[in-house]
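Reading through the structure tokens given below for one structure.
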Amino acid sequence: MEKSRISTLVLTFFLFATIGYAADLDVILSDTSLSFDYGEAVNAHLNITNNDGNRVELLVDAEGIPTWLNIFPSSIQLNPGATETVWLRFSPSMPLTKYLYLIDVSAKEGGVWVSQWKNNVVVTVTGDGPAAVTPSNRFIGIETLEEIMPGTTLQINIEVKPAVVPSTLDLIILMGDKVAQTVSTELEATTVTVEMEIPKTLAPGEYTLKASLVGKGIINSTKITILENAQASSDIKKESKFLGSKTFVYVINTGNVDKIARYYLQLPIYQKLIFSADPEPEVLTVDGVPMMSWAYRVAPGESQLVVSYSIDYTPYGLLVLLIVLAGVLILQKPEPISTIKKIEETREVDGKTVIKVLIKIVNRSDKSAEDVMVEDVVPGIAVPSKFQVIKPKAKKTKAGFVLTWNLGRMEPYEERLFGYEMILGFGLIGELKLPQPKVSAKL
């Protein structure tokens, strides 16, 4: 008797969406992995609980090689809240190989059985016993690439004997006892090309591609290798704020290995002064240029926030505002020596107009003013006379009379008031606009 050792079983779960009636059931499989020596009697069981508010009629069936599997009871009726145990008994006479069984739990609705739960189970028989013989009339040939890049579509060429057409073909990619990907198709010819999507995040390594015919078990297999694909993308989201912005930098690993790298950021000097980040960056020199840097490690299929940083222009805004305010204050700052000139009185004397002019000089600064000189111009149409308080020096020019007062020293906030009269040789009609005096001083 030939001795054969076969590795442990592989189990995969499939979830099916059912159109129409769906009973509220809990189905628990006791063993998700069955491996035993030839000659042993091995059992598994399903615990089925009816969570529905109505009584349900259930049928438990299997696709595979029914010769080696007995289901008891295969037909049950469950009241609301009740639980029933269904036994799956495998024959101790099963030859040495792997067997694929699709266990199905269906509920009856309107005279029609509707599938509620399915589970694909692979059973491995080991030890000393007869090896299973694959009949030549159902042999499956598999042809596909040996090295595959994740994120691509794998084309698998299948060839079978005419005796198995039509039938259902299942293709499974496994790493050890873990299912990575599955696909099913209906065989309507002896040759068919099946397309299988390889997930972008499928881990690199050596896998087994197995082919089986539903009701006939696993027929053939081949080895394939999933290559490494270190691929990632960044997603930068920017939120505008008053006088600034906040930026979030995410890294998305679209490959099948951990992405270990750094995110670099270089900013102008004026932005570095108003920059803040969480977490704080490391400063590294790249090609002689200092740059801010954050290390990250992202697992396949995951997204990670590497850094969030803010640029706040508020300090610059406040600085500009202060400069503007200072400029306004400077422009609005009064002269240290101010002058006020006004017409105090206008009267008519013998057909002539006499205008009384008052001049007020104020030292508005907190310092003493030296050599304060006041110069006023009397228009050529008038003649100055009757100087009050202080008599100026008068000088005749083409424009009129230039009057100059030497006030000498003026203490802080000191005021001086003086004046004069000017006589016009005619009667005045309307208002007379007089020029303002000029003041010079040493502060």
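FYI, it's all coordinate maths here, none of it is from the lab. For clarity, every value in this text was computed on a predicted model and none was experimentally measured. Cβ coordinates were reconstructed from backbone atoms using ideal geometry, including for glycine residues, and neighbour counts include every protein chain displayed.
Worth pointing out:
- P(r) weight above 23 Å for the range 136-226, C-alpha pairs, percent: 20 percent
- Candidate lysines - alpha carbon under 23 Å from K246, same-chain residues fewer than 8 apart omitted: K237, K238, K272
- Under the simplified labelling scheme, the A261-K238 pair shows an inter-label distance of 2.1 nm, with each label point 7 Å from Cα along Cα→Cβ.
- With at most 15 other Cβ atoms within 10 Å, longest stretch of the chain clear of loop chymotrypsin sites (Phe, Trp or Tyr not before Pro) (DSSP): 243-412
- Counting only trypsin sites (Lys or Arg not before Pro) that DSSP places in a loop and that have at most 16 other Cβ atoms within 10 Å, the longest clean stretch of the chain runs over 56-363.
- Rounded to the nearest 500, the 222 nm mean residue ellipticity of the chain from helices alone is -1500 deg cm²/dmol, with -39,500 (n - 2.57) taken per DSSP H run of at least 4 residues.
- Length added when fully stretched, S75-A399, from 0.36 nm per residue minus Cα-Cα: 103.8 nm
- Zero-based 10 Å bins, Cα pair distances in the range 295-443, whole percents: 9, 27, 20, 13, 8, 6, 4, 4, 5, 3, 1, 0
- Filter on K352/K393; K393/K438; K178/K210; K98/K178; K341/K395; K352/K396 - keep pairs with C-alpha separation over 18 Å: K352/K393; K341/K395; K352/K396
- Radius of gyration, Dmax [the range 232-314; alpha carbons; angstrom]: 13.8, 44
- With each label modelled as a point 7 angstrom along the Cα→C-beta vector, the A41-L321 pair spans 9.0 nm.
- Structure-derived Rg/Rh (Cα atoms, Kirkwood Rh) - corresponding label in (i) 0.97; (ii) 1.04; (iii) 1.58: (iii)
- Given in Å, the Rg to one decimal and the Dmax to the nearest whole number for the Cα atoms of the range 221-378 are 36.0, 136.
- K342-A299 pseudo-label distance in nm [points 7 Å out on the Cα-to-Cβ vector]: 8.7 nm
- Gained length - D26 relative to S115, 0.36 nm times residue gap less alpha-carbon distance: 30.7 nm
- Applying 1/(1 + (r/R0)^6) with r as the Cβ-Cβ distance of M291 and S368 and R0 = 41 angstrom yields a FRET efficiency of 0.10.
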